[in-house]
Amino acid sequence: MQPQDESSVEPHIDPLAQHKHLPAVLNHLERQLGFALTLVHNPLKTRLIDQKASFGRQPTCACVLCSSARDYGIVSTPRITFLAMPSKLIVLAASNGENLKLAQRFAEKARALGHTADVLDLTTVELPVFTPRAQAKGTPHAISALEQQLMAAQRWVICAPEYNGSIPPVLTNAIAWLSVTGDDFRALLNGRPIAMATFSGGGGMELLVSLRIQLTHLGAQVVGRQLLSNHAKPAQEDSISDLVQRLLQMQPLQL
Ligand SMILES: Cc1cc2nc3c(=O)[nH]c(=O)nc-3n(C[C@H](O)[C@H](O)[C@H](O)COP(=O)(O)O)c2cc1C
């Protein structure tokens, strides 16, 4: 991945205390920018490795701290130069009608905010219905690519319709397959920030409640706010923007 932007920041801290406060400064930067930081700096190597560990499994930003001791506090004001890279978002559509359109709006909003976003239409993923008999026949080919695509995105949005007061089969089926076949299914969902949205026939709340129960059961960090839309209540641009920004400020847990 290529750096997207290069900037400099002058942290407002006591220079002599910078080493001690470095993690707090970097956490602050990460929160402000919505970027994960990976640091490269020999004198602070031990500290930096610790720091990197708290930035989630897939850091997306190369960060270089200026290299002399002078720069981080003994003589002059500390200066951090960082190369910021966008974080990656995946928007899952659990149907190919209004929910796919909604998913595309989420992806466009994330891109407008400078992040990489892909839409994945789950109805195009060839998966048989999960049963122990189907499992005994072997792992479907599509699972490995699906798992890789999901792992590569630090944050997910799920756009799903309500079906019979609950989650549509295409979504629970994919989750069922992933739960029994992935190398590390816990890593796939545990600590993952996920936002939920729905376009449903008229309800939608039961889908959101059911999906929240399932995702939190699997350890995901589900954004507190959620988006419910239907023909009588179309999704507002502001609501999409708010949800995306909340999601981007949440960090994957390092477990
Ligand atoms: C099998 C089935 C069950 C449905 N159950 C519900 C429901 O319980 N509540 C609801 O609000 N809409 C329900 N709907 C309507 C869908 O949520 C609605 O058509 C939605 O737009 C489908 O998503 P899509 O436009 O992305 O395909 C159901 C639709 C189907 C096909």
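The values are calculated or read from the model by the stated rules, or taken from the named source; none is laboratory data. Source: prediction; values computed, not measured. Cβ: placed from backbone, ideal geometry, glycine included. Neighbour counts: every protein chain shown.
Looking at residue 176, is it touching a helix residue (DSSP H, G or I) at 6+ places or on another chain (Cβ under 6 Å) and either surrounded by fewer than 18 Cβ atoms within 10 Å (Cβ to Cβ) or assigned by TED's automatic domain parsing to the domain that holds residue 118 (or both)? Here the answer is no, as residue 176 does not meet what is asked.
Go through region 189-209 and report how many residues are in a helix (DSSP H, G or I) and in contact with a helix residue (DSSP H, G or I) (Cβ under 9 Å, 6 or more places away or on another chain). The total comes to 1.
Determine whether residue 133 is closer than 26 Å to residue 116 by Cα and either surrounded by fewer than 16 Cβ atoms within 10 Å (Cβ to Cβ) or of a type in the set (Lys, Arg) (or both). Judged against the criteria, residue 133 is not a match. Candidates in region 228-245 are the residues that are in a loop (DSSP other than H, G, I, E, B) and not aliphatic (A, V, I, L, M); of these, the one that is farthest from residue 90 (Cα to Cα) is 231. Mind listing whichever residues of region 188-202 are out of contact with any Leu (no Cβ under 7 Å at 6 or more places or on another chain) and surrounded by 15 or more Cβ atoms within 10 Å (Cβ to Cβ)? Hit for region 188-202 is 192, nothing else. Taking region 89-188 and the helices (runs of 4 or more DSSP H) fully enclosed by it, the elements with 3 or more residues that are within 12 Å of the ligand (Cβ to nearest atom), closer than 29 Å to residue 242 by Cα and aliphatic (A, V, I, L, M) are at 98-112. With respect to (1) touching a residue at least 12 places away in the same chain (Cβ under 8 Å); (2) more than 21 Å from residue 151 (Cα to Cα); (3) surrounded by fewer than 17 Cβ atoms within 10 Å (Cβ to Cβ), the lone exception for residue 233 is condition (1). The set of residues in region 207-225 being surrounded by fewer than 19 Cβ atoms within 10 Å (Cβ to Cβ) and either under 20 Å from residue 103 (Cβ atoms) or free of Cβ contacts under 8 Å to residues at least 12 places away in the same chain (or both) consists of 209, 210, 212, 213, 214, 216, 217, 225.
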